[in-house]
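The values are calculated or read from the model by the stated rules, or taken from the named source; none is laboratory data. Just so it is clear, the structure is predicted and the values come from calculations on it, not from any experiment. Note that each Cβ is placed from the backbone with ideal geometry, even for glycine, and that neighbours are counted across all protein chains shown.
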Amino acid sequence: MKRELIRNLSANLPDGSILEGIFTSRIFRNENSAEMLIYFNSLDYAEDCIEHFNSLSDDVIDEICYGLIESCHEDYGVNEDFELPEIENVREILEYCWFTSMIVDIPEDDGISYVIEGEGDWGEVVGFVIKNGSLAYVGADIEEYL
């Protein structure tokens, strides 16, 4: 059964080995919309990752938000004028971040794994990594997982 979670599908490389498209994010937003880019090499696996991403538990979402707050305080970024206001609800950090893409590469094991990439108002690349269906990392060093 075709799920059709990815729109505007196209080849990212001339040989067609990497595909890209757009999908809708349930929680993590881009600057002006809920649409994010996705880069992948297997449509079925990419759609499995999107379904996993869009069904992250509240506990995992909160853990990601705590990690983003910590990243903001640690990394400060290039925008030295940015100061994170006092946050009452951990998810308020999402007002100061946006997420642009999901990078999917089929791992050697059978688990769901992907990287979500974005940026914070403090001028630092931020994101998080899901490995084997669990949160593995939140912060600015996501390129280590690509």
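The table that follows gives values for the structure above.
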{"quantity": "Those residues of the stretch 50-78 which are assigned to a helix (DSSP H, G or I) and either of a type in the set (Lys, Arg) or within 11 Å of Met102 (Cβ to Cβ) (or both), in sequence order", "calculated": "Ile50, His52, Phe53"}
{"quantity": "Failed item in (1) modelled with pLDDT of 90 or more; (2) touching a strand residue (DSSP E or B) at 6+ places or on another chain (Cβ under 6 Å); (3) surrounded by 15 or more Cβ atoms within 10 Å (Cβ to Cβ), with Val90 passing the rest", "calculated": "(2)"}
{"quantity": "Selection within the stretch 30-46 - in contact with a Leu (Cβ under 7 Å, 6 or more places away or on another chain) and closer than 23 Å to Val126 by Cα", "calculated": "Phe40"}
{"quantity": "Within the stretch 104-128, tally of residues that are in contact with a Phe, Trp or Tyr (Cβ under 8 Å, 6 or more places away or on another chain), of a type outside the set (Phe, Trp, Tyr), under 18 Å from Asp48 (Cβ atoms) and crowded, with 21+ Cβ neighbours inside 10 Å", "calculated": "3"}
{"quantity": "Residue match in the stretch 37-49 (condition: assigned to a loop (DSSP other than H, G, I, E, B), within 25 Å of Val90 (Cα to Cα) and in contact with a Phe, Trp or Tyr (Cβ under 7 Å, 6 or more places away or on another chain))", "calculated": "no"}
{"quantity": "Test: residue in the stretch 4-16 that is surrounded by 17 or more Cβ atoms within 10 Å (Cβ to Cβ), over 17 Å from Asp105 (Cβ atoms) and in contact (Cβ under 8 Å) with a residue 12 or more places away in the chain", "calculated": "yes"}
{"quantity": "Near pairs, Cβ below 9 angstrom, 6+ apart or cross-chain, from the stretch 102-123 (at negative phi) to any residue that is at pLDDT below 90 and in a strand (DSSP E or B)", "calculated": "Glu117/Val125; Gly118/Val125; Glu119/Val125"}
{"quantity": "Within the stretch 70-86, considering residues that are surrounded by fewer than 18 Cβ atoms within 10 Å (Cβ to Cβ) and within 25 Å of Ser134 (Cβ to Cβ), the one modelled with the highest pLDDT", "calculated": "Glu70"}
{"quantity": "Only one of Cys97, Cys72, Cys65 that is more than 18 Å from Met36 (Cβ to Cβ) and either without any contact (Cβ under 8 Å) to a residue 12 or more places away in the chain or out of contact with any Ser or Thr (no Cβ under 8 Å at 6 or more places or on another chain) (or both)", "calculated": "Cys72"}
{"quantity": "Test: residue in the stretch 24-36 that is in a strand (DSSP E or B) and over 24 Å from Ala140 (Cβ atoms)", "calculated": "yes"}
{"quantity": "Subset of the stretch 88-124 [among the small types (Gly, Ala, Ser) and touching a helix residue (DSSP H, G or I) at 6+ places or on another chain (Cβ under 7 Å)]", "calculated": "Gly120"}
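The rows are residues; the columns are (1) among the aliphatic types (A, V, I, L, M); (2) closer than 16 Å to Glu4 by Cα; (3) more than 14 Å from the chain's Cα centre (by Cα).
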| residue | (1), (2), (3) |
| --- | --- |
| Glu20 | no, yes, yes |
| Ser25 | no, yes, no |
| Arg29 | no, no, no |
| Glu35 | no, yes, no |
| Cys49 | no, yes, no |
